[in-house]
Structure formats: C-alpha cells, structure tokens
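The values are calculated or read from the model by the stated rules, or taken from the named source; none is laboratory data. These figures come from a predicted structure and were not determined experimentally. Please note: Cβ atoms are built from the backbone with ideal geometry, for glycine as well, and neighbour counts cover all protein chains shown.
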C-alpha cells in the first residue's frame, strides 16, 4: 500500500482494515483504519485544492501519492494520505481507527478511555501524536507507515456523505465517506448500530 497510486475513491475503501502505525516518542501506536473520506481535488468544492488552490499550507497535496498531508481545523490536526501523481491534488482523510498497539499511551494523550480515544480524525491524531510536523512525510517512512502483513477485511463497508461539509453544493451530499459498518470506533455512530469489534471484520 505504501507509495502506490490508486484512484482516490478505491483507495478510501481499500484503506479500511489496514493497520496504520506511528512512532510517538519512541513508542509504537497503531490501529486498524475504520473510517475514511475521499477528497477529489480541483473539482471537489470540499477539497482544500478546489479550483487548483495552492498555498504553502496545502503544498503537500501536490506531492506524489503516499505523501502525508496534515492540516489543522479548530485546533485539531487531521491526517490525510495523498492518492494521485504529483500535481493532481487528491487525498483520503483518515477519520477513525480501532486501537491496537500503544493504547495506554493513546489514552494518556487523550485523557479519556474507551471508543472516545480514536473515534474521530482529530482524536486519533492527538492519541497517536500526529502533528503538523508529519506534513510532507512519505507514508512508509520510519515515523508513519502501513503494516503490509497485519490487516483486516470489513464484513460490510458503509457509505455516506462526508461529515461537516455544509454549503458545498452537490459536493455536500456526495457519498464519499466509507466506514466499517457497526464498528464502535466509527465517528458519530449511534449506539444502537454498534457491534462488538470482532463482529465487524471477516474471520
């Protein structure tokens, strides 16, 4: 998965179940990705590169597939993976993970326990120590990479409109959010829809 260019919508779905690994202060934190959103570049009114916008803050989006793009919103960092060739600024936002390694450290960083540790894009970045310093790194470097061996397959992939995208015309309702159906770490998942984690992955 590292450094491989795939169509953005396909990659947003294929990342579900992949184990993302981050080294924080010399300690490993990791989790299975359970929720993503696709951002489709210059034509996507919700994308930071809409209209070929190019500023220092979004420069990483114009780098090759596999580049990490981290932006801040309301004081929270958001982790994205660039998905296309250099100069074609599309990306996938990692919205939530199911923790695996380093849970104690992640809980300490967040000051909470349970699903609230990583059930949102800003939450998982704080838990894993992902800051703006990660912006521009390549997925597969020493600090952040995808485990090529340990992964899971969702039983069902849910699809919906992206979250927090108001007033963007048709792009507000485009079904570009993907998630592991029933997994309790998916953001904003109603309790009535939550399942045990082992009931959301194929055996």
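Some points to look at:
- Scanning segment 98-125 for residues that are touching a helix residue (DSSP H, G or I) at 6+ places or on another chain (Cβ under 6 Å) and in a helix (DSSP H, G or I) turns up 106, 107, 109, 110, 117.
- Hey, residue 155 in contact with a helix residue (DSSP H, G or I) (Cβ under 8 Å, 6 or more places away or on another chain) and in contact (Cβ under 8 Å) with a residue 40 or more places away in the chain or not: yes
- Segment 85-98, residues that are farther than 20 Å from residue 151 by Cα and crowded, with 21+ Cβ neighbours inside 10 Å: 89, 90, 91
- Residue check, residue 104 under 18 Å from residue 26 (Cα atoms) and without any contact (Cβ under 8 Å) to a residue 24 or more places away in the chain: yes
- One residue stands out among those in segment 11-52 that are more than 15 Å from the chain's Cα centre (by Cα) and part of a loop (DSSP other than H, G, I, E, B): the one that is farthest from residue 150 (Cα to Cα), which is 45.
- Close pairs from segment 64-82: first touching a residue at least 12 places away in the same chain (Cβ under 8 Å) and on the phi > 0 side of the Ramachandran plot, partner part of a strand (DSSP E or B) and buried (at least 20 other Cβ atoms within 10 Å of the Cβ), Cβ under 8 Å, at least 6 apart: 66/81; 66/82
- Sole exception among (1) surrounded by fewer than 19 Cβ atoms within 10 Å (Cβ to Cβ); (2) modelled with pLDDT of 95 or more; (3) out of contact with any strand residue (DSSP E or B) (no Cβ under 6 Å at 6 or more places or on another chain) for residue 101, by number: (3)
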